[in-house]
1. On a C-alpha basis, how far is the centre of the stretch 29-85 from the centre of the stretch 179-252 in Å? Whole number, if you could?
2. How many nm is it between the label spots at Asp166 and Thr113, if each spot is 7 Å from the Cα in line with the beta carbon?
3. Where a ≥ b ≥ c are the square roots of the eigenvalues of the C-alpha gyration tensor, would you call the chain rounded, which needs a/c under 1.5, or, failing that, prolate if a/b is larger than b/c, or oblate?
4. PRE reach from Val245 (point 7 Å along Cα→Cβ): which of the stretch 191-219 fall under 20 Å by backbone N?
5. What FRET efficiency comes out for Thr196 versus Ser224 if R0 is 30 angstrom and r is the Cβ-Cβ distance? Round to the nearest 0.05.
6. Under the classification rounded if a/c is under 1.5, otherwise prolate if a/b is larger than b/c and oblate if not, where does the stretch 78-123 fall, given a ≥ b ≥ c as square roots of the Cα gyration tensor eigenvalues?
7. Which whole-number percent is the relative contact order of the stretch 134-252 (Cα, under 8 Å, 6+ apart)?
8. Which value in deg cm²/dmol, rounded to the nearest 500, describes the helix-derived mean residue ellipticity at 222 nm for the chain, given -39,500 (n - 2.57) per DSSP H run of n ≥ 4 and division by the residue count?
Amino acid sequence: MPARTHSIAVIDLGDFSRPEVQKTATRFAQRKLGGQPLIIRMARRLSECALIDEVFIVGSNVPTELLTSGIAGINSINLPTMHVCERLCAAADASDAEWIVFMPANRPFVDATLVDQLLARAIRTHECDYVGYASDQGNWRRMDHLGLAGEVCHVDTLRRLRRNADRLPAADGGCIASWLENAPGAYHLKFIPVPTALDRADLRFAIEDESDWDDAELLCETVSDQDSQWQELTQLVISNENLRVSMATRNA
């Protein structure tokens with residue numbers, strides 16, 4: 001029997017030396033949601049994935065206290081200023097992973113089942129560089145706002161991208177699919193349909209601004225369990241017209 005593929009999840013905190021990115025992941029990583037720091041909440045949820053062997057937290061110029069605040073069993077790597085792709089590769093270099101799940105540090109409701117489904121597809125798909133979710137119409141950009149699963153990329157593919165890191169978009173909010181779409185060379189991207197119940201324009205679980213944070217607090221106060229899966233979260237949003245309309249407006 002062949003050895004099981006080694007896969008890691010990497011939560012990227014962004015670059016704390018750049019004030020212009022404080023409005024993204026770095027801005028919220030130290031806040032508490034449901035009484036728990038956001039970054040710890042994400043790491044714990046990712047550690048529940050059956051196909052993930054290790055969880056890494058990476059960032060550039062990260063305050064020491066953020067990387068040592070009770071994250072037992074989680075690998076952390078603090079780096080100088082560099083591109084997100086290079087930070088992901090640093091995690092790959094520190095492990096023997098074949099696949100990486102990339103997750104910006106603004107996704108408190110990341111769902112273990114959705115992540116495992118992506119990884120399972122990647123592992124059994126030959127000669128594939130990347131696997132991500134997309135809407136039924138093929139719109140993968142909507143998944144950034146949905147914020148439940150992240151992206152899966154082969155380590156060798158990230159290392160190829162690293163050689164051209166200076167040509168990649170510099171913003172920390174970028175996604176691997178957009179890098180691959182514009183990078184030199186040929187890449188095989190595989191998109192699988194997001195579950196039908198999630199294929200909507202009025203769902204938004206990633207935190208990109210204060211309104212998103214308010215929604216996340218409301219959801220945490222309302223769900224029956226802090227480990228609630230996407231089905232309960234989705235039903236809560238759909239049953240709350242004000243919340244649904246507000247999410248749709250921001251997605252647009």
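A short reminder: the numbers here are calculations on the coordinates, not readings from a lab. What you see is a predicted model; the values in this text were computed from it and never measured. Virtual Cβ from ideal backbone geometry, glycine too; neighbours counted across all protein chains shown.
1. The stretch 29-85 and the stretch 179-252 have Cα centres separated by 21 Å.
2. My value for the distance between the label points is 4.7 nm.
3. Values: a/c = 1.42, a/b = 1.20, b/c = 1.18.
Rounded, because the longest to shortest axis ratio a/c is under 1.5.
4. So the set is 200-205, 211-216, 218-219.
5. Working: r = 23 Å, r/R0 = 0.77.
The pair Thr196/Ser224 has a calculated efficiency of 0.85.
6. Numbers: a/c = 2.93, a/b = 1.42, b/c = 2.06.
Oblate shape, in that a/c is at least 1.5 and b/c is the bigger or equal ratio.
7. Numbers: 85 pairs, mean separation 37.8, N = 119.
Relative contact order of the stretch 134-252: 32 percent.
8. Numbers: 11 runs with 94 residues, N = 252.
After summing the helix terms and dividing by residue count, I get -10500 deg cm²/dmol.
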